[in-house]
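Asker: The structure's right below; bear with me while I get my questions together.
The numbers here are math on the coordinates, done by the rules we state, and not lab data. Keep in mind it's a predicted model, so treat the numbers as computed, not measured. Counting neighbours? That spans all protein chains shown, and the Cβs are built from the backbone with ideal geometry, glycine included.
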Amino acid sequence: MKVFFILFLAGLLFLSVETPLLGENGHPEGIEAQKEKVMKWRKERDQFFKTHQRSPLTPAQKRRFRGLDYFAFSPKYYFSGQIDREIHPINDPKYYATFLTNKGTSKRYIRYGKFHFNLDGKDHVLEVYKSILSDTLFIPFKDLTNGKETYEGGRYIDAEILPGYKMDLDFNMAYDPSCAYNDKFTCAIPPKENFLNIEIPAGEKRLRETRP
């Protein structure tokens, strides 16, 4: 009996040391590290808006600027998983996705795949695109907070391609396109495939002075 008990304890120790625990959204438990990453990204974004010459804010807005407004970080809106790859020959019309812009022009991205996630017990899917000039993944989307807490034209998320064609989708890092702050900028309009019929209260909110 004593031998069995020792083996049982050893098994528990092995599981606790060797087996990574998975969070409810499919990512290894590293919520604090992810929160730190999000907070650092937000701080850098504020600095860019305040000081950079390519900031969408006018000089007068920069002088009044005290930081962008965000929903509180929530691990509920942080997902990790496999990309359902979409591969087309470069001469196939489906290779590129063409988005309309706020200026009536168009922008092209490479179709990269789909990302499936489950929120509040319901399955959702977003189309994932890749920049033509880099390996950055681009996920433009709309949700039911648009026009209220968030920009009516939708928001963007950038992501990295992880080993094994996986990715992190963190709505805490969703951001407004530059044209939300200055209509001189040209921004892609999220495609209808990425309209989520739910509220995503995560990420960047509308600038306070532009909210209804």
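Asker: Can you give me the number of residues within region 167-184 that are among the hydrophobic types (A, V, I, L, M, F, W, C) and either on the phi > 0 side of the Ramachandran plot or in a loop (DSSP other than H, G, I, E, B) (or both)? Let's see the steps before the verdict.
Answerer: To start, the set of residues in region 167-184 that are among the hydrophobic types (A, V, I, L, M, F, W, C) comprises 167, 169, 171, 173-174, 179-180.
Among the residues that remain, those that are also either on the phi > 0 side of the Ramachandran plot or in a loop (DSSP other than H, G, I, E, B) (or both) are: 174.
Looking only at that region, the number is 1.
Asker: Is it fair to say Lys122 is in contact with an Asp or Glu (Cβ under 9 Å, 6 or more places away or on another chain) and among the basic types (Lys, Arg)? Show your work before the answer.
Answerer: Values: in contact with an Asp or Glu (Cβ under 9 Å, 6 or more places away or on another chain): no; among the basic types (Lys, Arg): yes.
No, not satisfied.
Asker: Hey, another quick one. When residues of region 58-73 are filtered for being part of a loop (DSSP other than H, G, I, E, B), surrounded by 10 or more Cβ atoms within 10 Å (Cβ to Cβ) and either among the small types (Gly, Ala, Ser) or touching a Lys or Arg at 6+ places or on another chain (Cβ under 8 Å) (or both), how many remain? Steps first, answer last, please.
Answerer: Of all residues in region 58-73, those part of a loop (DSSP other than H, G, I, E, B) come to 58, 65-69, 71-73.
Now restrict to residues that are surrounded by 10 or more Cβ atoms within 10 Å (Cβ to Cβ): 58, 65, 67-69, 71, 73.
Within this subset, residues satisfying the condition of being either among the small types (Gly, Ala, Ser) or touching a Lys or Arg at 6+ places or on another chain (Cβ under 8 Å) (or both) are 65, 67-69, 71, 73.
Selection size over region 58-73: 6.
Asker: Any residue in region 152-177 that is within 12 Å of Ser80 (Cα to Cα) and in contact (Cβ under 8 Å) with a residue 24 or more places away in the chain sitting within a Cβ distance under 6 Å of a residue that is among the aliphatic types (A, V, I, L, M) and in a loop (DSSP other than H, G, I, E, B)? List the pairs, counting only those 6 or more apart or interchain.
Answerer: Qualifying pairs under 6 Å: Phe171/Ile200; Phe171/Ala202.
Asker: Report the residue count in region 49-89 for those that are under 28 Å from Phe117 (Cα atoms) and free of Cβ contacts under 8 Å to residues at least 12 places away in the same chain.
Answerer: Of all residues in region 49-89, those under 28 Å from Phe117 (Cα atoms) come to 68-89.
Those left that are additionally free of Cβ contacts under 8 Å to residues at least 12 places away in the same chain: 72, 87, 89.
Total meeting the criteria: 3.
Asker: Here's another thing I want to ask about it. If Met39 satisfies every condition in (1) closer than 18 Å to Met173 by Cα; (2) outside any helix (DSSP H, G or I) but one, which is the exception?
Answerer: Among (1) closer than 18 Å to Met173 by Cα; (2) outside any helix (DSSP H, G or I), the lone unmet condition for Met39 is (2).
Asker: Continuing with the same structure: Can you pull out the residues in region 134-175 that are aromatic (Phe, Trp, Tyr), more than 17 Å from Ala72 (Cβ to Cβ) and surrounded by fewer than 23 Cβ atoms within 10 Å (Cβ to Cβ)? It would help to see each step written out before you state the result.
Answerer: Taking region 134-175 as the starting set, the residues that turn out to be aromatic (Phe, Trp, Tyr) are 138, 141, 151, 156, 165, 171, 175.
The next check asks that each one be more than 17 Å from Ala72 (Cβ to Cβ); those that pass are 138, 141, 151, 156, 165.
Scanning region 134-175 gives Phe138, Phe141, Tyr156, Tyr165.
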